[in-house]
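Structure record follows, encoded as structure tokens.
What follows draws every value from the coordinates through simple rules; no lab data is involved. Predicted, not measured: the structure shown is a model, and the values here were computed from it. Cβ: placed from backbone, ideal geometry, glycine included. Neighbour counts: every protein chain shown.
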Amino acid sequence: MHELGVTRNIVAIVTEHAGEKLVKRVSLDIGKLSAIMPEAIRFCFDVCCKNTPLEKATLEINEIPGLGRCDACGEEIELLQLFGLCPCGSRKITCIAGEELKIKEMEVY
């Protein structure tokens, strides 16, 4: 489960930026095409936050849908996987959303 390592990194980054302050809330953007399972991140978050400034923090996860742009006609289409077929028939699709994993914001007190 690589989500444990990812969650440890998230906690480390937030802890570094929080400094001496306690963290109340962390908000993440996780793309549906990122191969990161939000529920696994939720589970790991509680474990990884023990004895850190994030121990009582809540976690918000915003799932970003997959979106691609056809290289042939420019049409934007929903992607359920990293490849797709445009209504114009082209398979040359560039993924423009859905692969992200980012810490969107954090609230400290």
- Between [x] 2, 12, 22, 27, 20, 11, 5, 2, 0; [y] 2, 10, 16, 16, 12, 8, 7, 6, 6, 5, 4, 3, 2, 1, 0; [z] 2, 13, 20, 18, 13, 10, 9, 7, 5, 3, 1, 0, which matches P(r) over Cα pairs in 5 Å bins from 0, in percent calculated for the structure shown? [z]
- Query: Hey, quick one: spin label on His2, modelled 7 Å out along Cα-Cβ, who in the range 58-83 has an amide N within reach, i.e. under 17 Å?
  - Reply: 81-83
- Looking at the chain, how many pairs of lysines come closer than 19 Å at the Cα, when each pair is eight or more places apart or spans two chains? 10
- Top of Ala18, Ala40, Ala72 by mean-square fluctuation, Gaussian network on the chain, Cα under 10 Å: Ala72
- How large is ³J(HN,Hα), in whole Hz, for each residue of the range 48-65 in order, when computed from phi with the Karplus curve 6.51 cos²θ - 1.76 cosθ + 1.60 and θ = phi - 60°, using x for Gly and Pro? 6, 8, 4, 6, 10, x, 9, 3, 9, 6, 9, 10, 10, 10, 9, 8, 9, x
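Relative contact order of the chain, please, whole-number percent, based on alpha carbon pairs below 8 angstrom and at least 6 residues apart. Intermediate values should be presented prior to the final figure.
Numbers: 207 pairs, mean separation 39.8, N = 109.
After rounding, I find 37 percent.
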- Amide H of Lys32: which non-local residues (sequence gap of 5 or more, or other chain) have their own amide H closer than 5 Å, using H built in the peptide plane? Ile64, Gly66
- Note on the structure: Non-local residues with an amide H under 5 Å from the amide H of Glu75, with H modelled 1.01 Å from N and Pro and chain starts lacking one, are Cys70
- Item | Folded to 0 to 90 degrees: helix 3-18 orientation relative to the chain principal axis, Cα | 60
- Query: Among bridges DSSP assigns within the chain, what percent are antiparallel (round to 5)?
  - Reply: 70
- Message: In whole Hz and in residue order, list the ³J(HN,Hα) couplings for the range 32-46 that follow from phi through the Karplus curve 6.51 cos²θ - 1.76 cosθ + 1.60, θ = phi - 60°; x for Gly and Pro.
- Response: 5, 9, 7, 6, 10, 8, x, 5, 5, 4, 4, 4, 5, 4, 4
- Task: Starting from the Cα of Leu82, move 7 Å in the Cα-to-Cβ direction to define the label point; list residues of the range 32-50 whose amide nitrogen is under 16 Å from there.
- Result: 32-37
- Task: Taking H placed 1.01 Å from N in the peptide plane, check which residues at least 5 places from Lys104 or on another chain put their amide H under 5 Å from its amide H.
- Result: Ser27, Leu28, Asp29
- Note on the structure: Phi-derived 3J(HN,Hα) across the range 91-102 with the Karplus relation (6.51, -1.76, 1.60, θ = phi - 60°), rounded Hz, x for Gly and Pro, is 9, 8, 10, 9, 6, 10, 7, x, 9, 6, 9, 9
